[in-house]
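Note sheet for the following structure.
Computed from the coordinates by the stated procedures, all read-outs in this text should not be read as laboratory data. Just so we're clear, the structure is a prediction, and the values are computed from it rather than from any experiment. Backbone-built Cβ (ideal geometry, glycine too); neighbour counts: all protein chains shown.
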Amino acid sequence: MTKRIDKAFIAEQNEKLMPGVQEDYDALARKLARQDIDIEKITQKAAEFQVAVPSWGTGTGGTRFARFPGTGEPRNIFEKLEDCAVINDLSQCTQAVSPHFPWDKVDDFTELKGFSDNLDLKWDSINSNTFQDQPGQAHSFKYGSLSNTSEASRELAIAHNLDCIKWGEALGSKVLTVWVGDGSNHPGQSHFQRAFERYLESMKRIYAELPSDWELHIEHKMFEPAFYSTVIQDWGSNILAAMELGDKAKSLVDLGHHAPNVNIEMIVSRLIQFKKLGGFHFNDSKYGDDDLDSGSLHPYQQFLIFNELVDAEYRNQEGFGPGYLLDQSHNVTDPIESLMNSAASVQRSYVAALLINRETLYGYQDSNDAIMASNTLKNAFVTDVSPILQMARARNGGAIDPISVYRASGYRASAAKERPSSGHSGSGIV
Ligand SMILES: [Mn+2]
C-alpha cells in the first residue's frame, strides 16, 4: 500500500508558511470588517465545504487519439482510493469519492467499504456505464442502451443500473447518476420521440427500484459519442425526464455539456426553482466537453453559478441541496495535483459568492441599478479569498499549499515503484 502523507509532515510544511498566511488573513479580516463581514463565519463555511472526487479522474485521461499515461497510476479502485485519500488529506474538502461501474467493480463490496472507511473516505454518487460494451456482453450498446431499439439491450442496461444501486447500497451511497451515450450520428437515423419514449420506459423501471432515501440524477450532454443528436441532449430534455419520473429524479449539470456561451447559471436557477437541481460535474471548457480543470478558463462563470447556489442557500430554498463533484480529464498534469487545484478553485468560487451582501444586491435589482448590481458581484469575485482557503485547510489539518507539500512528500515517486504499469487503466471521460 502506498504510504499516506504524514500529518506531522504537513504540519511542519505549514509552520513555515503560517506567519505570512496569518498576516494576509488579518489584513483581509479588516477589509471584510469594513463591509460588515465577519471573516470567521466565512472561514467556518469554507472549512465545511465539500466537493467529491471522481474515481476515474485519478488516472490520466486522454482523447480519441491517444493517452499518455503518467507514472504510478492507480490500477484499481483500491489504489484510486489511496490517491483520493492524499487529495483529501491535503485539501480537506474532498472527503467523498464517486465510483464508476463496472470500472470500479469488485467481488467483495464489504471489503471495499472497509478499505474506504480506513482512509476516512465516504462514497458519493454511483455512476453507471452503458456507453461501452463489456467483454463478452451478450447484447451490444452500439446503438444505444436505455433507448436501444433492441429490447434485449435495453434490459441489459436496466439490469446494470439496478446492480449499481445494489453496489451503492453496500457502500453507503445515496445517489445513482445516469448518463447515456444514446443518440444518433446521422439525420433520420433515430426517431426522436420514440427513442425518448424508450428511454423513459427504461428509466421508470430503474426509478421504481430506487431506495426511498436515494436520488436519481440525470446527466445531459449535447454531443459525443452521438454527434448529431443525443437522447438527453440538454437541460430541457433532462428536466422533462426528471419531471416524468418523480420527485427523487433530478437533473445534473456538467459544465462542459452545453453549447458554447450558454448561460449555465440561469439554467441552475431554473432547476433550483423547480426543485430539480441534483448536482454538478465541475470542469471547464473552451470548445466543448473539454473536461479541463475547474475554473482554469472561466472562473467568473463558475463564480456566477455559485452566486445562484449561495443565493438559494441564503433564501432557504425548499428542496435545495445539490451534490458537488469534479469531473475532469487530466491529460498532461499529475491527476492528484489537478484534482487538488480544482477542488480549491470550486471552493474559492463558493467562498467568494458568500461575500455578496444579498439584501444590497436585491435592492439594486429592484431599483434596476444594473451597474451597481453587476459591481456587487464583480467586487466579490475579485476579492482574493486565498487566505480564507489557506486558513480553513490549515485548521482542518490540511496543507496551506497542497501542491508543494504533495511534491515534497515524494508520493508519486513511491507510487511509481509500487504500481508498475498494467498497460491499461480504468480511467475515462464522462
Ligand atoms: Mn460528467
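Values as computed for the structure displayed
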read-out	value
Evaluation of ASN127 against (1) under 19 Å from the mean Cα position of the chain (by Cα); (2) under 25 Å from SER386 (Cα atoms) (one fails), failing number	(2)
Exclusive hit being in contact with a strand residue (DSSP E or B) (Cβ under 9 Å, 6 or more places away or on another chain), surrounded by fewer than 18 Cβ atoms within 10 Å (Cβ to Cβ) and charged (D, E, K, R), set LYS250, LYS286, LYS276	LYS286
Within region 31-82, considering residues that are assigned to a loop (DSSP other than H, G, I, E, B) and of a type in the set (Phe, Trp, Tyr), the one surrounded by the fewest Cβ atoms within 10 Å (Cβ to Cβ)	PHE65
Flag for LEU325 being within 16 Å of the ligand (Cβ to nearest atom) and touching a residue at least 12 places away in the same chain (Cβ under 8 Å)	yes
Selection within region 166-183 - more than 16 Å from the ligand (Cβ to nearest atom), charged (D, E, K, R) and either within 21 Å of ALA242 (Cα to Cα) or crowded, with 18+ Cβ neighbours inside 10 Å (or both)	LYS174
Selection from region 125-161 of residues that are assigned to a loop (DSSP other than H, G, I, E, B) and crowded, with 23+ Cβ neighbours inside 10 Å	SER125, ASN129, THR130, PHE141, GLY144, SER145, LEU146, SER147, ASN148
Every residue from region 395-411 that is within 20 Å of PRO19 (Cβ to Cβ) and of a type outside the set (Val, Ile, Thr)	ARG395, ASN396, GLY397, GLY398, ALA399, ASP401, PRO402, SER404, ALA408
Pairs where the first residue, in region 233-254, is free of Cβ contacts under 8 Å to residues at least 24 places away in the same chain and the second is assigned to a helix (DSSP H, G or I) and within 16 Å of the ligand (Cβ to nearest atom), C-beta under 9 Å, 6+ apart	ASN238/LEU271
